[in-house]
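Inspection log for the structure reproduced underneath, given as structure tokens.
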């Protein structure tokens, strides 16, 4: 099959499931480690990259958190954000919503304001340079105490206007969304959008909990919803999008391969699925590469365009910005799709 990657890199799209810490390429990790006097448990970029071979989600998280220790200053976060946004711009991303994990940075002695200020600088620079829109989604680490999530949210409350929303990430199994109902209710009261990881390694019931108990507007991953026909119907009826990450699902062995991925089932049943890169530095491809993997699994270019349109609809961009993004996509489609 002919590669569509060069074409897909020009496809206007939004990226909605992207952990900014997961864009930390080994080269930048070593540069920041040297700048901040942090010792990494690897002797070279090549040795670190070779460690990107994971058995499951937890084995990935262990390395992920070790690498996050190099991020210390506002400039570090600005550099990290700019590196991703430059790559995203080259991949056709016109709107990007960035997840970040303040509890992990706080444990490393880095204040919330340092993280947010650096990332907001990067987003402002991307808007000035390339006309990209976007924002920040503060994620709670679900395997830390609920009290820690609440404290983090209260710390962020005075700056709620600098956030798009809140999310829930990290180790899923044994940490159901229901644990965080109070946290998400407080986020709703602050006027923040709500999303949550569910149904990647956890069961379909976690997806239902996130919808019914957390009031989420999007489900991150959500692929195991394909195992529950009634749940699929619920997602379709309420138009709750899934932010699917193909490379991540394969690399973390949530699926046996793209041939076994439930994306086709979900798409054909009418679920509002989107394509995203999750932690691209660790999983071998940014968002256009994930679109290419979906194409290789049998999806047509027209179907990929529909997923790009879904990404715009599922975003938290303003209605006028969504109209602009759809206009870009319609112009692209007229030029490239028969």
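The values are calculated or read from the model by the stated rules, or taken from the named source; none is laboratory data. Quantities reported herein were computed from a predicted structural model and do not represent experimental measurements. Here the Cβ positions follow ideal geometry from the backbone for every residue, glycine too, while neighbour counts run over all protein chains shown.
Could you list, in sequence order, all residues of the stretch 226-281 that are within 14 Å of residue 208 (Cα to Cα) and in contact with a strand residue (DSSP E or B) (Cβ under 8 Å, 6 or more places away or on another chain)? Matches in the stretch 226-281: 235, 240, 241, 242. Residue 75 falls short on exactly one of the conditions (1) part of a helix (DSSP H, G or I); (2) surrounded by 16 or more Cβ atoms within 10 Å (Cβ to Cβ); (3) in contact with a helix residue (DSSP H, G or I) (Cβ under 7 Å, 6 or more places away or on another chain), and that condition is (2). The set of residues in the stretch 39-63 being part of a helix (DSSP H, G or I), under 22 Å from residue 108 (Cα atoms) and out of contact with any helix residue (DSSP H, G or I) (no Cβ under 8 Å at 6 or more places or on another chain) consists of 57, 58, 59, 61, 62. Cβ separations smaller than 6 Å between residues 6+ apart or across chains give the following pairs from the stretch 119-142 residues that are over 18 Å from residue 316 (Cβ atoms) to residues that are modelled with pLDDT under 95: 141/170; 142/170.
Only residues that are closer than 30 Å to residue 163 by Cα and either at pLDDT below 95 or surrounded by 18 or more Cβ atoms within 10 Å (Cβ to Cβ) (or both) were counted across the stretch 329-338, and they come to 1.
Only a single item in (1) outside any helix (DSSP H, G or I); (2) modelled with pLDDT under 95; (3) under 29 Å from residue 113 (Cα atoms) is not met by residue 66, and it is number (1).
Kindly evaluate residue 171 against the criterion of being at pLDDT below 95 and in contact with a helix residue (DSSP H, G or I) (Cβ under 7 Å, 6 or more places away or on another chain).
yes
One residue stands out in the stretch 170-212 among those that are in contact (Cβ under 8 Å) with a residue 40 or more places away in the chain and in a helix (DSSP H, G or I): the one that is surrounded by the fewest Cβ atoms within 10 Å (Cβ to Cβ), namely 183.
Identify the residue in the stretch 298-320 that is in contact (Cβ under 8 Å) with a residue 40 or more places away in the chain and over 26 Å from residue 21 (Cβ atoms) and, among all such residues, is surrounded by the most Cβ atoms within 10 Å (Cβ to Cβ).
Applying the filter and picking the extreme gives 304.
Yes or no: the stretch 269-292 includes at least one residue that is touching a residue at least 40 places away in the same chain (Cβ under 8 Å), farther than 30 Å from residue 28 by Cβ, crowded, with 21+ Cβ neighbours inside 10 Å and touching a helix residue (DSSP H, G or I) at 6+ places or on another chain (Cβ under 9 Å). Yes, the conditions are met somewhere in the stretch 269-292.
Of the residues making up the stretch 159-169, at least one is in a loop (DSSP other than H, G, I, E, B), surrounded by fewer than 21 Cβ atoms within 10 Å (Cβ to Cβ) and touching a residue at least 60 places away in the same chain (Cβ under 8 Å).
Restricting to the stretch 79-104, name every residue that is surrounded by 22 or more Cβ atoms within 10 Å (Cβ to Cβ) and part of a helix (DSSP H, G or I). Within the stretch 79-104, 80, 81, 84, 85, 88, 102 meet the criteria. Count of the stretch 16-38 residues, restricted to those that are crowded, with 21+ Cβ neighbours inside 10 Å and part of a helix (DSSP H, G or I), is 7.
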